[in-house]
1. Output the 0 to 90 degree angle, nearest 10, between the alpha-carbon long axis of helix 59-73 and the longest principal axis computed from the alpha carbons of the chain.
2. Over all Cα pairs of the range 1-67, how is the pair count split among 10 Å bins, expressed in % and running from 0 up to the last occupied bin?
3. Could you work out the per residue convex hull volume over the alpha carbons of the range 107-147, in cubic angstrom?
4. Any idea what % of Cα-Cα pairs in the chain are farther than 26 Å?
5. Relative contact order of the chain: what whole-number percent is it, with Cα pairs under 8 angstrom and at least 6 residues apart?
């Protein structure tokens, strides 16, 4: 797809509401550790990507693995939303994140310390399937050390 096609998407109040409500369902499911509920907001071919590292998880199985690993590594993870933009292209959110690093994540051994960092996450909207195509995650200040 040509990125200019994204800019040309028409804005409608009904679709904006639908995207916002789906994002709320996704966020509530994540907060409640409801993996099936979270996965239900994603296309079957969704992609989760940590942009800085290039790591990717594909499909529902990949999304479940991404969340399983993240929630195991940071069982008390908490997102404090600081900004959000919703449009016909999807949702972009910024959040302050904190959590105790209790298990291996991305090859980093657990520090057992409470860590804090920022994220910007883009949830691309699929207008035909009315679901998100995954997440593109950008992090800043994630203090991981001790690769295994």
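We did not get these values from a lab; they are worked out from the coordinates using the rules stated. Keep in mind that what you see is a predicted model, and the values were worked out from it rather than measured.
1. Rounded to the nearest ten degrees, it is 40.
2. Cα pair-distance distribution for the range 1-67, in percent: 19, 37, 37, 8.
3. Numbers: hull volume 3.8 nm³, N = 41.
Roughly 93 Å³ of hull volume per residue.
4. When every Cα pair of the chain is considered, 24 percent fall beyond 26 Å.
5. 22
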